[in-house]
Amino acid sequence: MEQKNSGKAVASLVLGIIGLVCVFFGVYAWIGVIVAVVGLVLGVLAKKEQPSKFASAGVIMSIIAIALCLISFIACIACVGALAAAGSSLNY
């Protein structure tokens, strides 16, 4: 018997992957957070309707994407702040 995958589960997996890709864009990591949160919601809904491996993978990837995107975005903000502080301390 073939198990049919839910569209929400597949969408959750795809959005989790997109969120993980957004980690590498630094300043635009906030887009990855938004995409991953939507993927997380879809994954949880899909697991409630019909548990599948796609839904579980989507939830896990979305959680990892949220964490890494937030870390990446905070690191970029810290670097910009450090550069601004270093630039303002130069005396010409």
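For the chain, the longest principal axis of the alpha carbon atoms and the long axis of helix 7-21 meet at an angle near 20°. Could you put 44, 21 in order, starting from the residue whose Cβ has the fewest other Cβ atoms within 10 Å? So the ranking, lowest neighbour count to highest, is 21, 44. D for the range 7-88, whole µm²/s, Stokes-Einstein with Kirkwood Rh over alpha-carbon pairs at 25 °C and 0.890 mPa s: what number? For the chosen part, D equals 191 µm²/s. A cut-off of 5 Å between modelled amide H atoms, ignoring neighbours fewer than 5 places along the same chain, links residue 50 with no other residue.
We did not get these values from a lab; they are worked out from the coordinates using the rules stated. Predicted, not measured: the structure shown is a model, and the values here were computed from it. Neighbour counts run over all protein chains shown; Cβ positions are idealised from the backbone, glycine included.
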